[in-house]
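So the structure is just underneath, and the comments pick up after that.
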Amino acid sequence: MKNDRTAQIRQILFRDGKVSCSELVKMFDVTPATIRRDLSELEKEGQIRRTHGGAELLRRKEQEAREISVVPPWPARTYSCRKEKEAIARRISSLIPDNSTIFIDNGTTVFEVVKQITGHNNLTVISNSLRASEYLGMYPNIQVYFLGGKIAHSMLASSGIMASDCLSYFTSIDYCIVSADAFSIENGLREHFMETAILKKAIIDKSSVVIAALDHSKFGKTASAPICNCNVQDIDILVTDSAVPENILSSLREKRINVVVAGG
């Protein structure tokens, strides 16, 4: 119940820009102390600020400054673990059949997948990534739908409630290919920004098969926003590289996750 409540509080803040504790107390029928704890936890995620009697979103410049400090520039992320990302992408491409509807997110590993699937026939691709949409939009064998919404400058990708609302036009997604800022067996997939987390959870809920593309550098890292309780059991196939310790791979397989080691 707590996680559902905080997810709803996030959506209210992104819709209205601010909210009062008294409103939330009435809405959720909980104590003021409970709401204050919820808001304090959300404040730690870095996109809201506690105010006297409530909370508000940080101003755009403050959010952009945090994005720059938390998310390395695209070129730096692209060249980090590049060989591993390319191997992961080739393996994921082999798992995607022709005539599929797939979602592709905005990570650098997933962008390597974008380069690998251009030879597939009759793909329908849904994406929140401007880079992926532009790249695949040049191929007549691939139909591309971009999810509109707020564009994060540091990622050139849309996120948040507007992007999530665009998903209502799609009844189902065959495969979603997602990355994450951090991953652990205990906490599942996590993001630095809650807008991104909200969108990814909405996509995962609509997808028949969830493929996580995670190089070894993502394992054991921390990030403030959970993908709305997307734990390891929500992942159908996890594609990674051989640098991940065998004991972690074994633990994932014990949870009945199909772990694929690219190049392994």
Q) Residues of segment 164-202 being part of a strand (DSSP E or B) and at pLDDT below 85, which ones? A) ALA182, SER184, GLY188, LEU189, ARG190, GLU191
(Q) Please go through (1) at pLDDT below 85; (2) within 19 Å of ILE235 (Cβ to Cβ) for ILE161 and return the number of the only condition it doesn't satisfy. (A) (2)
Q. Of everything in segment 5-35 that's at pLDDT 90 or above and part of a strand (DSSP E or B), which residue is nearest to GLU56 (Cα to Cα)?
A. VAL19
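Within segment 133-148, can one find any residue that is at pLDDT below 85, surrounded by 18 or more Cβ atoms within 10 Å (Cβ to Cβ) and either at positive phi or not assigned by TED's automatic domain parsing to the domain that holds GLN11 (or both)?
no
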Q) Is at least one residue of segment 102-122 in a helix (DSSP H, G or I) and over 22 Å from SER80 (Cβ atoms)? A) no
Q.
Could you check segment 134-163 and list, in sequence order, the residues that are more than 16 Å from SER100 (Cα to Cα), aromatic (Phe, Trp, Tyr) and not in a strand (DSSP E or B)?
A. TYR135
Q. Mind checking whether some residue in segment 78-93 is at pLDDT below 80, part of a loop (DSSP other than H, G, I, E, B) and assigned by TED's automatic domain parsing to the domain that holds CYS166?
A. yes
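Surrounded by fewer than 22 Cβ atoms within 10 Å (Cβ to Cβ), among the aliphatic types (A, V, I, L, M), within 17 Å of the chain's Cα centre (by Cα) and assigned by TED's automatic domain parsing to the domain that holds ASP165: does that describe LEU130?
Considered against the rule, which asks whether it is surrounded by fewer than 22 Cβ atoms within 10 Å (Cβ to Cβ), among the aliphatic types (A, V, I, L, M), within 17 Å of the chain's Cα centre (by Cα) and assigned by TED's automatic domain parsing to the domain that holds ASP165, LEU130 comes out as yes.
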**Q.** Every residue from segment 211-253 that is part of a helix (DSSP H, G or I), modelled with pLDDT of 90 or more and among the charged types (D, E, K, R)
**A.** GLU246, ARG253
Q: Pairs only if they're at least six apart or on different chains, beta carbon under 6 angstrom, first in segment 113-124 and in contact (Cβ under 8 Å) with a residue 12 or more places away in the chain, second assigned to a loop (DSSP other than H, G, I, E, B) and not hydroxyl-bearing (Ser, Thr, Tyr); list them, first residue then second.
A: HIS120/ASP98; ASN121/ASP98; ASN121/ASN141; ASN122/ASP98; ASN122/ASN99
Q) Here is a list of conditions, (1) charged (D, E, K, R); (2) in contact with a Phe, Trp or Tyr (Cβ under 7 Å, 6 or more places away or on another chain); (3) not in a helix (DSSP H, G or I), and ARG131 meets all of them except one; can you say which number that is? A) (3)
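The values are calculated or read from the model by the stated rules, or taken from the named source; none is laboratory data. Bear in mind that the values here come from a model prediction, so they are computed numbers and not experimental data. Ideal geometry is used to build each Cβ from the backbone, glycine not excepted, and the neighbour counts take in all protein chains shown.
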